[in-house]
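S.K.: Below are the structure tokens for one structure; questions will follow.
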Amino acid sequence: MFGGMAITDGPSARIEPSADVDERAVVGPGSTVWHLAQVREGAEIGADCIIGRGAYVGPGVRIGDRVKLQNHALVYEPAVVEDGVFIGPAAVLTNDMYPRSVDPDGKLKRGEEWHAQGVTLRQGCSVGGRAVLVAGVTVGRWALVAAGAVVHRDVPDFALVAGVPARRIKWVGRAGEPLTDAGGGRWRCPRTGEEYVETGGVLAEAP
């Protein structure tokens, strides 16, 4: 988790020769950066991560431990990706609320002329293939974004969201499977038996 460990590049990190990893980026032990991926300056990748073929990690992006970034996924700065997150193939984490190539005078916009807003992915959440996350949104712990969804507002912990725009359609547990209604505001994971409590539209692990 960020702040809890020193992320260091070492001999146990595997970086394929065709990958483009800036010398100012940091790749943690046990992580693999596959063919044609690009990791920009100042990016931090934790331990035991997989950065898939053709994936992009922008400048200063922070990625925790045991993260899977699948082929051709795009993570634009200044995104924060916590431990155990899955980002599906060709998913996009954007960073500009009002994108324009040129300013009102028709001149090419430069980096200093706009403010990047990163997406935040909390611990254990998953983003399906070809999903698009709009700049500034946060996806909660263990939530699940369905393939092809467009997320334009924050996603609560344990929520399964789908559609364009994305809306919550179910609750999911830490195992990723939809929960079953156990009555009285309690929900149960069919795989693990773990129970959750819903209060005011918010789901949390049962005490």
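S.K.: Take GLU77 and tell me if it is surrounded by fewer than 16 Cβ atoms within 10 Å (Cβ to Cβ), assigned by TED's automatic domain parsing to the domain that holds TRP34 and acidic (Asp, Glu). Give the derivation first.
M.R.: Details: surrounded by fewer than 16 Cβ atoms within 10 Å (Cβ to Cβ): no; assigned by TED's automatic domain parsing to the domain that holds TRP34: yes; acidic (Asp, Glu): yes.
So GLU77 fails the test.
S.K.: Here is a follow-up. Tell me the residue from ASP9, ASP20 that is surrounded by fewer than 20 Cβ atoms within 10 Å (Cβ to Cβ), at pLDDT below 95 and touching a strand residue (DSSP E or B) at 6+ places or on another chain (Cβ under 7 Å), please.
M.R.: Just one listed residue meets the conditions, ASP9.
S.K.: Within the stretch 144-155, can one find any residue that is crowded, with 16+ Cβ neighbours inside 10 Å and within 11 Å of the chain's Cα centre (by Cα)?
M.R.: Taking every residue of the stretch 144-155 in turn, at least one turns out to be crowded, with 16+ Cβ neighbours inside 10 Å and within 11 Å of the chain's Cα centre (by Cα).
S.K.: What pairs can you find where one residue is in the stretch 111-124 and farther than 11 Å from ASP96 by Cβ, the other is among the small types (Gly, Ala, Ser) and surrounded by 15 or more Cβ atoms within 10 Å (Cβ to Cβ), and their Cβ atoms are less than 6 Å apart, with a gap of 6+ or different chains?
M.R.: Listed pairs, sorted by first residue: VAL119/ALA79; ARG122/GLY140; GLN123/GLY84; GLY124/GLY84.
S.K.: Evaluate the following for ARG174: is it touching a Cys at 6+ places or on another chain (Cβ under 9 Å), in a loop (DSSP other than H, G, I, E, B) and at pLDDT 95 or above?
M.R.: Considered against the rule, which asks whether it is touching a Cys at 6+ places or on another chain (Cβ under 9 Å), in a loop (DSSP other than H, G, I, E, B) and at pLDDT 95 or above, ARG174 comes out as yes.
S.K.: Another question, if that's okay. Can you find a residue in the stretch 99-110 that is farther than 24 Å from ALA55 by Cα, in the same structural domain as GLY46 (by TED's automatic domain parsing) and not in a loop (DSSP other than H, G, I, E, B)?
M.R.: Among the residues of the stretch 99-110, at least one is farther than 24 Å from ALA55 by Cα, in the same structural domain as GLY46 (by TED's automatic domain parsing) and not in a loop (DSSP other than H, G, I, E, B), which makes the answer yes.
S.K.: Among the residues of the stretch 113-141, what is the count of those that are surrounded by fewer than 23 Cβ atoms within 10 Å (Cβ to Cβ) and within 11 Å of VAL85 (Cβ to Cβ)?
M.R.: 6
The values are calculated or read from the model by the stated rules, or taken from the named source; none is laboratory data. Everything numeric here is computed off the predicted structure, so don't read it as measured data. Here Cβ is always computed from backbone atoms with ideal geometry, including for glycine, and neighbour counts include all displayed protein chains.
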